[in-house]
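Working notes, structure below.
The values are calculated or read from the model by the stated rules, or taken from the named source; none is laboratory data. Values in this document were obtained by computation on a predicted structure and should not be read as measured data. Every residue, glycine as well, gets a Cβ built from its backbone with ideal geometry; the counts of neighbours run over all protein chains shown.
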Amino acid sequence: MRGWKNNLILLLTGFALLFVTACATTVKPTLQAANYRPVSVETCSPAKSFWKECVKYPFPVKYKSARDSKGINWEIAYMDEYYGKDPNPKTLVIIHGKGANAAHYGNIMKFALERGLRVIAPDIPNYGKSLPGNLNNPVNRTLNSTREVLHDLVVNQLGVKKAFYHGHSLGGQWIIGYAILYPAAVEGLILESPSGLEEYAGIYFNPQLLEKDEVWTKVPWMKGALDTEFKKTAEDIKAFYYFKSRDPKTGQLSDAKVGYFKFPNEYATFLTDTRVKMIDANKAEYDRYVITYIIDIYTLGIEIIAEDKNSYAKRAKEIKCPIFLAFGDSEPFIPTTLLSGKKNLKFDIIQPFYRMMTAAGNTPQVKLYAGAGHFPHTDVADQFSNDTVAFITAGKVDGTVNPEKFVRSKYLEDLPPDIAAFFAKMDNAAKKQDLQAFMSSYSDSFKSDGRDKKASEVIWKQYIGLLTKYKHHLTNIEIKGDKAVITGFVENNFGEAAISPGFMLIKEADGWKYWGNQK
């Protein structure tokens, strides 16, 4: 890519492709994170505390006791680091997701600390190192009770009266609720792949059942989910975390549509190892983890019931502080169609939230990360960490999108099966960088904007090796006999390429082909 110029326009295959080398603003490090150390997970004797003795966090862990409104004291583990000299530095508080822990976000911590921020990262009660000391406390605590506890820790005990809050997944919903309950304590929100932007059907959730600890006896689908989680083997977990499905009979792996990590790295490996190695470690801690992991489906669900006029999804419009909303463009879990009936991340989740907040006078900054799934902070670690710090220090994130400009795609939706299959085959060939298969989608009589098939192949030969993302989005198609006129765009690593006016497909003996605009 060396030598490319911004706004270089290349006409490829009849499409006006705009390649822009994004010169994102990089926040330079000014300090050294002196206390940083690699994360690790040891194989642990069941006689030991798995979390306290066998899991190493990236920074020193401290403990305090904090109380919820019911008077229950919780032991809270947290990391709190700062290397600058400002007596009142900007502070980032990181709230982890369901099933995770504060250590999993050590890469964001390190990046932010090296750029002058104070960073506090607690483990939510019943997770991570905040699990062993609370085994005698209720497992059916609510998210609001954990908000009360961490508010006591951060604001009352650590004296941080106002901070930026980053929340991932369940943590995203957590900080939405926190900003509603404690607006004076929140300077800004970083919502990474957050739950809480959609609402669930009330038939699935009853807050009283959680309060009475009757979820397992009166909600069959929750008991089923718990049994399934306990039955998972180390091999099952490793497969799922990396978008694989394991045949229980043969052990054979196949690609799956859902999973955690698109790319292996230190922090993806760390979270995988904690989940795998806890299985044969301390039984009481393992049981508490699994039960908490499943019951938190219910704790987050009762906050966003569609029939509840005061659900946090509705009340989010009360939030007045700046918001940075981030998703991977390959998000596998949101929307949660089974519970919400929503199907499309852009149009059912991001766009409605953007419109609601804009109407309330608080337009969020929105960014979609190419190739990332539910974990942008690991899939595109440096980019996401840089954007987080830029949002905090400069108030602006590069490369954001305007959800009002989302175009609803007919990609493989409501298309004739043979045309849908054509686009799927061509898109797949591009992503695999298979030039021969890609060019087989062109008719020998292809012509578009002065180029024939041969000239197009010469150009594609130079650039197909750069593609890992390629997807047709059709906004309209007119089929007349053996020809079809299409409009829309192609989404790739470098942005979006508009389909040239009058661009056509032609149906030949072996199927549909690119035919161009014949000019």
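Do we have Thr487 as polar (S, T, N, Q) and either assigned to a loop (DSSP other than H, G, I, E, B) or in contact (Cβ under 8 Å) with a residue 40 or more places away in the chain (or both) here? Spell out how you get there, then give the answer.
Numbers: polar (S, T, N, Q): yes; either assigned to a loop (DSSP other than H, G, I, E, B) or in contact (Cβ under 8 Å) with a residue 40 or more places away in the chain (or both): no.
Spelling it out, it is not the case that Thr487 is polar (S, T, N, Q) and either assigned to a loop (DSSP other than H, G, I, E, B) or in contact (Cβ under 8 Å) with a residue 40 or more places away in the chain (or both).
Among the residues of segment 495-517, those identified as modelled with pLDDT of 85 or more, in a strand (DSSP E or B) and crowded, with 16+ Cβ neighbours inside 10 Å are Ile499, Met504, Leu505, Ile506, Lys507, Trp512, Lys513, Tyr514, Trp515, Gly516. Residue by residue through segment 364-384, note down the ones that are assigned to a helix (DSSP H, G or I) and either surrounded by fewer than 22 Cβ atoms within 10 Å (Cβ to Cβ) or touching a strand residue (DSSP E or B) at 6+ places or on another chain (Cβ under 7 Å) (or both). Across segment 364-384, the qualifying residues are Pro376, His377, Asp379, Ala381, Asp382, Gln383, Phe384.
Against the numbered list (1) of a type in the set (Val, Ile, Thr); (2) part of a helix (DSSP H, G or I); (3) out of contact with any Leu (no Cβ under 6 Å at 6 or more places or on another chain), Ile459 comes up short only at (3).
The residue of segment 451-494 that is surrounded by the most Cβ atoms within 10 Å (Cβ to Cβ), among those that are modelled with pLDDT of 90 or more, of a type in the set (Gly, Ala, Ser) and farther than 16 Å from Phe423 by Cα, is Ser456.
Here's the yes/no breakdown for (1) under 26 Å from the mean Cα position of the chain (by Cα); (2) buried (at least 22 other Cβ atoms within 10 Å of the Cβ):
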| site | (1), (2) |
| --- | --- |
| Gly106 | yes, yes |
| Glu114 | yes, no |
| Arg118 | yes, no |
| Gly128 | yes, yes |
| Pro132 | no, no |
| Leu135 | no, no |
| His151 | yes, no |
| Val155 | no, no |
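The set of residues in segment 44-61 that are of a type outside the set (A, V, I, L, M, F, W, C) and either under 29 Å from the mean Cα position of the chain (by Cα) or at pLDDT below 95 (or both) comprises Lys52, Lys56, Tyr57, Pro58, Pro60. Regarding segment 411-425, can at least one residue be identified that is of a type in the set (Asp, Glu) and surrounded by 15 or more Cβ atoms within 10 Å (Cβ to Cβ)? No, segment 411-425 contains no residue that is of a type in the set (Asp, Glu) and surrounded by 15 or more Cβ atoms within 10 Å (Cβ to Cβ).
From the list Lys85, Lys98, the one residue that fits, being surrounded by fewer than 24 Cβ atoms within 10 Å (Cβ to Cβ) and under 23 Å from the mean Cα position of the chain (by Cα), is Lys98.
For segment 431-450, which residues satisfy the criterion of being assigned to a loop (DSSP other than H, G, I, E, B), surrounded by 14 or more Cβ atoms within 10 Å (Cβ to Cβ) and of a type in the set (Ser, Thr, Tyr)? Give the steps one after another, and end with the answer.
Quick first cut of segment 431-450, residues assigned to a loop (DSSP other than H, G, I, E, B) only: 432-434, 440-441, 443-446, 449-450.
If we keep only those that are surrounded by 14 or more Cβ atoms within 10 Å (Cβ to Cβ) too, we end up with 432-433, 440-441, 443, 446, 449.
Once the filter is applied, which keeps residues that are assigned to a loop (DSSP other than H, G, I, E, B), surrounded by 14 or more Cβ atoms within 10 Å (Cβ to Cβ) and of a type in the set (Ser, Thr, Tyr), segment 431-450 yields Ser440, Ser441, Ser443.
For residues that are farther than 14 Å from Glu496 by Cα and buried (at least 16 other Cβ atoms within 10 Å of the Cβ), scanning just segment 401-410, find the one that is modelled with the highest pLDDT. Step by step, filter segment 401-410, then rank; the result is Pro403.
Among residues belonging to segment 311-339 that are assigned to a helix (DSSP H, G or I) and hydroxyl-bearing (Ser, Thr, Tyr), point out the one that is surrounded by the fewest Cβ atoms within 10 Å (Cβ to Cβ). Reasoning before the result, please.
Initially, segment 311-339 is screened for residues assigned to a helix (DSSP H, G or I), giving 312-318, 337-339.
From what's left, hydroxyl-bearing (Ser, Thr, Tyr): 312, 337.
Values: Tyr312: 26, Thr337: 13.
Of everything passing the filter in segment 311-339, Thr337 is surrounded by the fewest Cβ atoms within 10 Å (Cβ to Cβ).
Name the one entry in Leu300, Leu271 that is under 28 Å from Ala316 (Cβ atoms), assigned to a helix (DSSP H, G or I) and in contact with a Lys or Arg (Cβ under 9 Å, 6 or more places away or on another chain).
None of the other options fit; the residue is Leu300.
Determine, yes or no, whether Leu345 is buried (at least 19 other Cβ atoms within 10 Å of the Cβ) and in contact with a Pro (Cβ under 7 Å, 6 or more places away or on another chain). So Leu345 fits the description; yes.
In segment 61-72, of all residues being in contact (Cβ under 8 Å) with a residue 12 or more places away in the chain and in a strand (DSSP E or B), the one that is farthest from Arg147 (Cα to Cα) corresponds to Lys62.
Here's the yes/no breakdown for (1) of a type in the set (D, E, K, R); (2) over 18 Å from Ala424 (Cβ atoms):
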{"residue": "Lys454", "(1), (2)": "yes, yes"}
{"residue": "Trp460", "(1), (2)": "no, yes"}
{"residue": "His472", "(1), (2)": "no, no"}
{"residue": "Ile479", "(1), (2)": "no, no"}
{"residue": "Phe489", "(1), (2)": "no, no"}
{"residue": "Trp512", "(1), (2)": "no, no"}
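Residue-level analysis places Glu285 among those that are in a helix (DSSP H, G or I), buried (at least 19 other Cβ atoms within 10 Å of the Cβ) and not hydroxyl-bearing (Ser, Thr, Tyr). Kindly establish whether Lys257 is without any contact (Cβ under 8 Å) to a residue 12 or more places away in the chain, surrounded by fewer than 21 Cβ atoms within 10 Å (Cβ to Cβ) and outside any helix (DSSP H, G or I). So Lys257 fails the test. Among the numbered conditions (1) of a type in the set (Gly, Ala, Ser); (2) outside the structural domain of Ala284 (by TED's automatic domain parsing); (3) touching a Pro at 6+ places or on another chain (Cβ under 9 Å), the only one that Ala34 does not meet is (3). Check segment 83-96 and report whether any residue there is touching a Cys at 6+ places or on another chain (Cβ under 8 Å), outside any strand (DSSP E or B) and assigned by TED's automatic domain parsing to the domain that holds Thr272. Checked segment 83-96: no residue is touching a Cys at 6+ places or on another chain (Cβ under 8 Å), outside any strand (DSSP E or B) and assigned by TED's automatic domain parsing to the domain that holds Thr272. Just so you know, in segment 385-400 the residues that are closer than 10 Å to Ile108 by Cα and over 15 Å from the mean Cα position of the chain (by Cα) include one that is surrounded by the fewest Cβ atoms within 10 Å (Cβ to Cβ), and it is Asn386.
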